[in-house]
Amino acid sequence: MLKDKVAIITGGTRGIGLETVKVFKENHAEVVLFGSKEESVAKAIETLKAENIMVEGYYPDLNNPEEVKDTIKKVYDKYGHIDILVNNAGISAKESIDNTSYEDFTKIMDININAMFNVTKEVIPYMKQKGGVILNTSSMVSIYGQPSGIGYPTSKFAVNGFTKSLSRELAPFNIRVNAVAPGITKTDMVASLPEEMIAPLVKTIPLGRIGEPRDIANAFLFLASDLASYITGVVLSVDGAARS
Ligand code: NAD
């Protein structure tokens, strides 16, 4: 489904991002993953190599415009085009507002929003040459909010606003911009929770299970592919109909 496409996936070293790297590779894209640190990028590349999946990875500081610009140019110079960007890197929060400092709040905005802006801005000139697809990882909490960790849902509401607005700005260039809003998904963080915490959560999900990273990666695959060529500006919920 992605033959001859070149994709950059941020937060590609584990969880949803790593699974998206695998699914895109299975569908014949060239994939470049971005991670936060040299070690985590090296580890992801090794893990993939063990499964016969070859990718390259970089670890630019996503909040440093020059570093991001240089890294994206490197990708362009090597492959000659950049067709897909998945802005997936993100951090969450769970503290009450009383226990959230200005720095805590700002840190979430930096990675969940400002980094997304930064990477997107740098790929757009390349995508304007022949069209492209920008995909953002939102969250179920971008629709319903959550009762603590205020920075996280706030940032994901912003992801949706960014997605919808940019889809309108970039449509004349045949650049589609969409987001996927996962419900609770079994990444490292969730997998480490004890069964007694998971069971009540599952009860609130009509489809009766927590999402797998592949559920989310498949949604990215669809939106990245030409099957979605008339879809832009959507936030696609992939949450088993969870509504809280
Ligand atoms: P994860 O913690 O397993 O992965 C997060 C990724 O983001 C990692 O690859 C990490 O390297 C990267 N990252 C974190 N901070 C970074 C930084 N400062 N610079 C560069 N990269 C950084 O989590 P995940 O569950 O796979 O989350 C991926 C995305 O999915 C996030 O945007 C998250 O908000 C979203 N999401 C997750 C769930 C869930 O239940 N797991 C639900 C809804 C949305």
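Residue by residue through segment 23-45, note down the ones that are under 22 Å from G211 (Cα atoms) and buried (at least 20 other Cβ atoms within 10 Å of the Cβ).
The answer is V23, F24, A44.
Name the helices (runs of 4 or more DSSP H) wholly inside segment 122-220 in which the number of residues that are over 17 Å from N88 (Cα atoms) and free of Cβ contacts under 8 Å to residues at least 60 places away in the same chain is 1 or more. Walk me through how you get there before you give the answer.
Working: elements: 141-144, 151-170, 188-191, 195-203.
Ranges flagged: 151-170, 188-191, 195-203.
Check whether at least one residue in segment 14-29 is closer than 20 Å to M116 by Cβ, in contact with a Ser or Thr (Cβ under 8 Å, 6 or more places away or on another chain) and part of a loop (DSSP other than H, G, I, E, B), and report yes or no.
Yes, segment 14-29 contains a residue that is closer than 20 Å to M116 by Cβ, in contact with a Ser or Thr (Cβ under 8 Å, 6 or more places away or on another chain) and part of a loop (DSSP other than H, G, I, E, B).
Which count do you get for residues in segment 80-105 that are charged (D, E, K, R) and at pLDDT 95 or above?
4
Has segment 85-95 got at least one residue that is assigned to a helix (DSSP H, G or I) and not β-branched (V, I, T)?
no
State the number of residues belonging to segment 221-239 that are over 19 Å from the mean Cα position of the chain (by Cα) and not in a helix (DSSP H, G or I).
Residues in segment 221-239 being over 19 Å from the mean Cα position of the chain (by Cα) and not in a helix (DSSP H, G or I): 2 in total.
Scan segment 81-102 and give yes if some residue there is more than 8 Å from the ligand (Cβ to nearest atom), buried (at least 17 other Cβ atoms within 10 Å of the Cβ) and farther than 24 Å from K128 by Cβ, otherwise no.
Yes - at least one qualifying residue is present in segment 81-102.
Restricting attention to segment 140-160, which residues are under 26 Å from T71 (Cβ atoms) and either surrounded by fewer than 16 Cβ atoms within 10 Å (Cβ to Cβ) or small (G, A, S) (or both)?
Answer for segment 140-160, where residues must be under 26 Å from T71 (Cβ atoms) and either surrounded by fewer than 16 Cβ atoms within 10 Å (Cβ to Cβ) or small (G, A, S) (or both): S155, A158.
Go through the residues of segment 220-227 one by one and say whether even a single one is out of contact with any Asp or Glu (no Cβ under 7 Å at 6 or more places or on another chain), of a type in the set (G, A, S) and either more than 30 Å from K130 (Cα to Cα) or away from the ligand (no atom under 13 Å from the Cβ) (or both).
yes
The values are calculated or read from the model by the stated rules, or taken from the named source; none is laboratory data. Everything numeric in this text was worked out from a predicted model, so none of it was measured. Methodologically, a virtual Cβ is constructed for each residue, glycine included, from the backbone with ideal geometry; neighbour enumeration extends over all protein chains shown.
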